[in-house]
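So the structure is just underneath, and the comments pick up after that.
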Amino acid sequence: MRKTQNTKLVTALMLAFSSEFAAAAGFQLLEQNVSGLGNSYAGSAAVAENASTIFFNPAGMTQLKEREFSVGVAAIGPSFKFSNNNSSVGSLAGKGNGGDAGSWAAVPNAYMSWALNKDLYAGVGFSAPFGLKSEYSNPWLGSAQANSFAVETYNLNPSIAYRVSDKVSLGAGVSWQHLNAKYKRAAAIVFPATATVEATLASDAWGWNVGGLVAVSPATNIGVSYRSTVSHEATGDIVTRGVPVPGVDALKTSGTKASLKLPDTAILSATHQLNDKWELLGDVSWTGWSSIPKLDLLRTSGAENGLVAQSLDADFRDTWRVAVGGNYRYSQNMKLKFGLAFDQSPVKGEATRMVSLPDNDRTQISTGAQWVLNAGSTLDLGIAYLMIADSAINNDQRNADPSKNRGLVKGNYTGNAWILGAQYSMPF
């Protein structure tokens, strides 16, 4: 009965939440559990304190009890504010700085693991590894480049783990991933009531992940993990809304498709039990963002079938993230958590910084607490503040063709974010 109830809970979470803002650099979401939030996800591939290890390192399942379940949610509240510095928007009617492009969003997770025998474990996880939402007050001076942009992913990750010896465990999994994306901009035309163009796409794709966990000593663990790229071939529609103007290419309605290879990630983590009170954690991770040089929306119907309707030139670079953390055993039933991380942005500079993703390097400060409840269950609470470096933008998309003239957006962004989370884990 309890297993049936847990399965229903996972299904409900899949339907109830959406992940639409990236709390890591780019549009990656690290919030695949809350037990790691208080440590800024330091030690993520070496910590195996609940079933959420399925995402960060499936080999960690060998450190769990016979059956475990974990469910959590993180609420992310970003803020991105633009200040203009001699932008040139051409014929676009929009004015103003767009207000705050950030808004609160929820990121869910749920995991279940069980022992098939004393050395072989299986599990399944539900997570949301990538997400983004930017939305400006409409219209604004950058409306021809973007009014709003949203990406959300959902990931199902069945996994296995095998204890090779008392010191070494290995794990692997496959991922089925669903992606939704929606992009909306104004048409840069000379017309009192500017129309908007909306592109909506969806895709399903597969990936895989592997990991290893080594007990170097009774006090020290080292974890390594790798999660593959996921290649999406998304399809959908481009739809014109508002007042169309005949003969303007940007206002044609058609089917569309786009290829998007979401990046691979690699993590090296360590934990060390310093004494009875303190545990130290460290993390170095790499993300292969160069898999996204740009995103081309191709028309798949109409008079311009096969032609590019819109290009988003990301020109992303690969990035590194470094995190350190500590756990303090306050009492037998309470653990206090602390963390600090630096996360490099995939955006190379002001010329390729997009209004739909005004990203920059960020520093994360975190704290949290874990309580041991009845029957070995635990409750984790975490809070983090992200300080995002001020971001200059000089994105020039001016063109002599009115249907392709999206203006020059030049100025600066200030940004920050709060993350709050809760997670419940239990053996059953």
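The values are calculated or read from the model by the stated rules, or taken from the named source; none is laboratory data. From a predicted model like this one, the values you see are computed outputs, not experimental measurements. Cβ: placed from backbone, ideal geometry, glycine included. Neighbour counts: every protein chain shown.
Laid out as a table, the results:
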quantity: Strands (runs of 3 or more DSSP E) wholly inside region 237-339 containing at least 2 residues that are more than 30 Å from THR367 (Cα to Cα) and among the aliphatic types (A, V, I, L, M); calculated: 254-262, 295-299, 308-312
quantity: Residues that are in a loop (DSSP other than H, G, I, E, B) and either under 15 Å from VAL214 (Cβ atoms) or in contact with a His (Cβ under 8 Å, 6 or more places away or on another chain) (or both), drawn from region 25-69; calculated: GLY43, ALA45, ALA46, VAL47, ALA48, ASN57
quantity: Odd one out for SER391, checked against (1) at pLDDT 95 or above; (2) buried (at least 21 other Cβ atoms within 10 Å of the Cβ); calculated: (1)
quantity: Residue identified as basic (Lys, Arg), closer than 24 Å to ASP359 by Cβ and either modelled with pLDDT under 95 or surrounded by 15 or more Cβ atoms within 10 Å (Cβ to Cβ) (or both) among LYS261, LYS257; calculated: LYS261
quantity: Residue list for region 346-359, filter: out of contact with any Phe, Trp or Tyr (no Cβ under 6 Å at 6 or more places or on another chain), farther than 16 Å from LYS410 by Cβ and not charged (D, E, K, R); calculated: LEU357
quantity: Tally of residues being aliphatic (A, V, I, L, M) and closer than 30 Å to VAL372 by Cα across region 335-353; calculated: 3
quantity: Pair list, Cβ < 6 Å and 6+ apart or interchain, from region 269-280 residues that are in contact (Cβ under 8 Å) with a residue 60 or more places away in the chain to residues that are among the polar types (S, T, N, Q) and crowded, with 17+ Cβ neighbours inside 10 Å; calculated: SER269/SER44; THR271/ASN221
